[in-house]
Amino acid sequence: QLQASGGGLVQPGGSLTLSCAASRTILSFSLNRWGWYRQAPGKQRELVADISGGYRTNYADSVQGRFTISRDNAKKTVSLQMNSLKPEDTAAYYCNYYPPQQNYWGQGTLVTVSS
């Protein structure tokens, strides 16, 4: 019901934009708070950024100033613009409600930052 896309291989210092599309079965998209999460190999999943229905945003300290989360309620999408990428940003990225709901994790999209 949530499809993340846009991942890929990028060099350090590069940029990527991830997109998350919500299916038509999610009826109250505009009212909900949404988050981008990531899970690096061997580590626990962590919150990267979230955005409220009122467009208030929060970011993990590790991405503050480099990542920007946004939403388009008409298209039912949540995006994550990632700039100045670092090797430590390498992870599988997922979108989900905030707080997350177990049944909505989806497959995620893989971001690899490497030279």
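The values are calculated or read from the model by the stated rules, or taken from the named source; none is laboratory data. Since we're looking at a predicted model, the values are computed, not measured. Positions of Cβ are generated from backbone atoms using ideal geometry, with glycine treated the same way; all protein chains shown enter the neighbour counts. Surface areas here come from the heavy atoms of the whole protein model, side chains and all, with no ligands, DNA or RNA. Shrake-Rupley method; radii C 1.70, N 1.55, O 1.52, S 1.80 Å.
Yes or no: the stretch 52-61 includes at least one residue that is under 30 Å from Ser115 (Cα atoms), assigned to a loop (DSSP other than H, G, I, E, B) and not aromatic (Phe, Trp, Tyr). Yes, the stretch 52-61 contains a residue that is under 30 Å from Ser115 (Cα atoms), assigned to a loop (DSSP other than H, G, I, E, B) and not aromatic (Phe, Trp, Tyr). Would it be correct to say that Tyr59 is open to solvent by less than 60 Å² (accessible area, probe 1.4 Å), without any contact (Cβ under 8 Å) to a residue 12 or more places away in the chain and hydroxyl-bearing (Ser, Thr, Tyr)? Judged against the criteria, Tyr59 is a match.
Among the residues of the stretch 35-51, those that are without any contact (Cβ under 8 Å) to a residue 60 or more places away in the chain and either polar (S, T, N, Q) or not in a strand (DSSP E or B) (or both) comprise Ala40, Pro41, Gly42, Lys43, Gln44, Arg45.
Here Cys20 clears all of (1) outside any strand (DSSP E or B); (2) of a type in the set (A, V, I, L, M, F, W, C); (3) under 10 Å from the mean Cα position of the chain (by Cα) except the condition numbered (1). Only one of the listed residues (Arg71, Arg38, Arg33, Arg45) is farther than 19 Å from Gly6 by Cβ, surrounded by 15 or more Cβ atoms within 10 Å (Cβ to Cβ) and in contact with a Phe, Trp or Tyr (Cβ under 9 Å, 6 or more places away or on another chain). That residue is Arg33.
Just one of the listed residues (Leu18, Leu80, Leu85, Leu110) is at pLDDT 95 or above and open to solvent by 80 Å² or more (accessible area, probe 1.4 Å), and it is Leu110.
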